[in-house]
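J.: Following this message is one structure expressed as structure tokens.
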Amino acid sequence: MNLGGISLSFLQVFAIVIVSLKMILVNPITAKADFRMCNDTKSLVGIALGFREKEKWITEGWWQIPSETCSSLIEGNLSSRFFYIYAEDADHGGQWRGDIFMCTDDREFRITGTQECFTRGYQKTGFFEVDTGDKGSWMVRLTESGQTGSSK
């Protein structure tokens with residue numbers, strides 16, 4: 001067999017294939033596990049996320065997710081079963097919210113703790129709960145029908 005000017009016997013090609021297969025089986029490419037948000041609306045959406053991290057509550061924001069796209073908010077295997085989401089429609093003013101209250105800020109933030117939001121200079125915002133069932137990855141899709149307070 002002639003490969004680009006290199007002559008190889010059938011046994012040499014076979015050996016290369018076997019070695020390649022062993023490398024794939026020993027070092028498999030693992031699937032990427034993430035917490036993903038998909039914006040299935042026609043508007044830009046801002047996302048705030050709440051979760052437990054080493055016995056502390058953390059809220060983070062703002063991720064900007066353009067219309068009809070998805071984005072990974074947390075990359076890698078999920079370390080928590082429950083996540084909490086608050087989202088705002090930047091174009092029409094609607095929100096996706098719930099009755100679990102956590103702290104947020106107007107600008108990009110990472111806040112430790114959920115108590116005394118106002119005293120610490122933050123807003124108290126209602127998040128909705130997402131139960132991932134202890135899966136290694138999860139995806140949430142925001143739709144226009146899930147919004148409240150939209151000016152449409």
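The values are calculated or read from the model by the stated rules, or taken from the named source; none is laboratory data. Note that the structure is predicted; figures quoted are calculated from it, not measured. We place every Cβ from the backbone using ideal geometry, glycine too, and count neighbours over all the protein chains shown.
J.: If you go through the range 26-64 one residue at a time, how many are more than 14 Å from the chain's Cα centre (by Cα), at pLDDT below 90 and of a type in the set (Phe, Trp, Tyr)?
T.: 0
J.: Among the residues of the range 43-70, what is the count of those that are more than 19 Å from Phe127 (Cα to Cα) and either small (Gly, Ala, Ser) or touching a His at 6+ places or on another chain (Cβ under 9 Å) (or both)?
T.: Summing the residues that are more than 19 Å from Phe127 (Cα to Cα) and either small (Gly, Ala, Ser) or touching a His at 6+ places or on another chain (Cβ under 9 Å) (or both) in the range 43-70 gives 2.
J.: Take Ser71 and tell me if it is at pLDDT below 90 and surrounded by fewer than 15 Cβ atoms within 10 Å (Cβ to Cβ).
T.: no
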